[in-house]
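The values are calculated or read from the model by the stated rules, or taken from the named source; none is laboratory data. Quick caveat: nothing in here was measured; it's all calculated off a predicted structure. Cβ coordinates were reconstructed from backbone atoms using ideal geometry, including for glycine residues, and neighbour counts include every protein chain displayed. SASA here: full protein model, heavy atoms, side chains in, ligands and nucleic acids out. Shrake-Rupley method; radii C 1.70, N 1.55, O 1.52, S 1.80 Å.
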Amino acid sequence: MNNTNVIYCYVKRDTQEVVYVGQTVNLKTRRLKHEKYDPFNPNCKEYYYPLSRGIRKYGADYYECKILEEVSKSEDLDARERYWIQYYNTYLDNTKYNLTPGGSPRQYKFTYFSDNIIQLAIDLIKNTTIPFQEISEITGISM
């Protein structure tokens, strides 16, 4: 494997659940960004992405990076990424990490929220009987 033009995924080691799918033309460099740089640099936008947050919380060893597919032509990467994101449902499932349905152009489905706001929403959902609509109004996070 030459690790170029690949569709890859991050899998939780304990459950083998695929939580993120991506594409790259250089897997080694992309993994360094995902696992070493993005999660620990609050000055980059990727710091706030779900995969970075997961790596900060659980550590990079909690996940395994696997190649799903080697793609012969780089122009096919977008379509293949969309296929795998849909196949593993890593975009619309809020417990998983893709922020787009894949491919280009990248149009993100989220707004940046601080760790405190996210934790507040989680606590309110878990520990109160406040309706979701009211929690949404309190935190600014859509239902």
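Cβ separations smaller than 9 Å between residues 6+ apart or across chains give the following pairs from segment 27-48 residues that are closer than 20 Å to L68 by Cβ to residues that are surrounded by fewer than 16 Cβ atoms within 10 Å (Cβ to Cβ) and modelled with pLDDT of 95 or more: L27/I67.
Checking each residue in segment 46-67 for being open to solvent by 50 Å² or more (accessible area, probe 1.4 Å) and closer than 16 Å to T15 by Cα picks out Y58, D61, Y62, E64, K66. Counting residues in segment 6-22 that are hydroxyl-bearing (S, T, Y), without any contact (Cβ under 8 Å) to a residue 60 or more places away in the chain and open to solvent by less than 20 Å² (accessible area, probe 1.4 Å) gives zero.
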